[in-house]
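The values are calculated or read from the model by the stated rules, or taken from the named source; none is laboratory data. For clarity, every value in this text was computed on a predicted model and none was experimentally measured. Cβ sites come from the backbone with ideal geometry, for glycine too, and all protein chains shown count toward neighbours. Surface areas here come from the heavy atoms of the whole protein model, side chains and all, with no ligands, DNA or RNA. Shrake-Rupley method; radii C 1.70, N 1.55, O 1.52, S 1.80 Å.
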Amino acid sequence: MSIKVEKIYQSTLIENKSKFISILYPLNDKDEYKKILLDLRKEYKDATHYCYAMVYDGYAKCDDDGEPKGTAGHPILKILQTKDLNHSLLVVVRYFGGTKLGAGKLLRTYVKAAADVANQVNK
């Protein structure tokens, strides 16, 4: 049985001067994520990337938002699926700190950032 996210959760991770802000949102309908993303782009307007994944009753969508292919969106989606979180949007907002992490470290950092916030559900 899937877990419905009921409130907003947030965590922050710093890696090589890049700041990763992870935010997990409950969704009331399949298209609500679009407005949340627009609002996030206004709130964190100086951020470099807004990578995300969303799941709603079997429908899933993810986006790397300019990060190297497969390093952000799909790993975030995998966290939502592994944790069996439904009706949810998980966004990792990244502020680039000036040091490239490389694809492997970037992927691991997005996974850790997403897992840190997803692990807060039902605690």
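Give Lys100, Lys61 a once-over and let me know the one that is surrounded by fewer than 19 Cβ atoms within 10 Å (Cβ to Cβ) and modelled with pLDDT of 95 or more.
From the options Lys100, Lys61, the qualifying one is Lys61.
Is there a residue being open to solvent by less than 70 Å² (accessible area, probe 1.4 Å), over 17 Å from Lys4 (Cα atoms) and modelled with pLDDT of 95 or more anywhere in the range 77-91?
The answer is no, given that none of the residues of the range 77-91 is open to solvent by less than 70 Å² (accessible area, probe 1.4 Å), over 17 Å from Lys4 (Cα atoms) and modelled with pLDDT of 95 or more.
Identify, from the list Glu43, Glu67, the residue that is open to solvent by 70 Å² or more (accessible area, probe 1.4 Å) and of a type outside the set (Phe, Trp, Tyr).
Residue meeting the stated conditions: Glu43.
Check off (1) modelled with pLDDT of 95 or more; (2) on the phi > 0 side of the Ramachandran plot; (3) loosely packed, with under 14 Cβ neighbours inside 10 Å for Lys35 and give me the number that stays unchecked.
Unmet condition: (2).
For the range 103-114, what are the residues that are of a type in the set (A, V, I, L, M, F, W, C) and either free of Cβ contacts under 8 Å to residues at least 12 places away in the same chain or buried (at least 19 other Cβ atoms within 10 Å of the Cβ) (or both)?
Passing the criteria: Leu106, Ala113, Ala114.
Do you know which of the residues in the range 9-32 that are surrounded by fewer than 18 Cβ atoms within 10 Å (Cβ to Cβ) and polar (S, T, N, Q) is farthest from Leu90 (Cα to Cα)?
That would be Asn16.
Being acidic (Asp, Glu) and more than 12 Å from the chain's Cα centre (by Cα) is the filter; apply it to the range 22-71 and report the residue that is farthest from Asn119 (Cα to Cα).
Filtering first and then ranking leaves Asp46.
Given the residues Tyr110, Tyr56, which is the only one that is more than 15 Å from Lys4 (Cα to Cα) and at pLDDT 95 or above?
Tyr110
Residue-wise test of (1) of a type in the set (A, V, I, L, M, F, W, C); (2) out of contact with any helix residue (DSSP H, G or I) (no Cβ under 9 Å at 6 or more places or on another chain); (3) farther than 19 Å from Thr12 by Cα.
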residue: Ala60; (1), (2), (3): yes, no, yes
residue: Pro68; (1), (2), (3): no, no, yes
residue: Thr71; (1), (2), (3): no, no, no
residue: Ile76; (1), (2), (3): yes, no, no
residue: Leu80; (1), (2), (3): yes, no, no
residue: Ala103; (1), (2), (3): yes, yes, yes
residue: Ala113; (1), (2), (3): yes, no, no
